[in-house]
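Following: one structure in structure tokens, then a few remarks.
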Amino acid sequence: MKKFSFLTILLCLSVSLAYAQKSRTPVKLIKPQTIQTATAVEIPEAEWQNLTAALKAEMWEKSALLAAQYLQKIKIENDKKQLAQLRYFYLYALAGKILALSNANRTLAENAAWQELDKAVSAFAGKEFVLPPRRFLPECREVLNYICPVKDNERALRVTATNQAGTAIHSFDYVAFENVISINRFLDQEIFLGGKFKRAEFNQDMSKPWVMRLIFEKGFVNLVGKNNK
């Protein structure tokens, strides 16, 4: 691993019961009001920056918590594709959390993180993802965090997504397209890669520093423009 670039991922109720000593007075039942969770159309820029800063600082527990909270705030996708980006950030942060806990030999916490990851993966099946913007290269030999063609497959692109040091792999991302990809238009460009989440494959041997493979279908690519940066 030589070169790498990084993107820049209770309510307590108390009930008191009063008992009459003689006769019981009829109690008027009041229908409880439905409590609605506040939703938003868009995550504000300041909150989005909190998440990306936590991801860049590799504060995995904080970034996973923020991503989970933001996913609850917006239920309908907006024009910034924040939901699609948050899904990826959440899985990426959970993978970082698992790697950190594994290195610290915190088995119980690591198992809980695996369960959280498995639950998220199940919930995201068939959902749209947008991966962080990365530079496209025609070949990914000995480089990390770049987008490259899958060998012997003209309809797929891949990414090896790691930590900043390039010492641990959060995920191997594979995006399949319905048609042959014209890669020349993407050469040395920074692009957003996305698709529908198909499945995940988890590492069963954590002596090897990687967490999962993420498989996407119905892939798409968008070039990063000035207004995206």
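Here, each number is a calculation from the coordinates, and none is a lab measurement. Everything numeric in this text was worked out from a predicted model, so none of it was measured. Ideal geometry is used to build each Cβ from the backbone, glycine not excepted, and the neighbour counts take in all protein chains shown.
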Label-point gap, in nm, between R199 and R185 - each point 7 angstrom along Cα→Cβ: 3.2 nm
What nm value, rounded to one decimal, do you get for the distance between Q69 and N50 when each label is placed 7 Å out toward the C-beta? 0.4 nm
Here, R213 and E139, labelled 7 Å along Cα→Cβ, have an inter-label distance in nm of 2.3 nm
Cα extents of region 152-191 along the principal axes, largest first, in whole Å, come to 33, 19, 16
Tally Lys/Arg at +1 and Asp/Glu at -1 over every other residue whose Cβ is under 13 Å from the Cβ of Q72; what's the total? +2
Too long for a 21 Å Cα-Cα cut-off, among K127/K151; K75/K196; K151/K218; K80/K218; K73/K218, are K127/K151; K73/K218
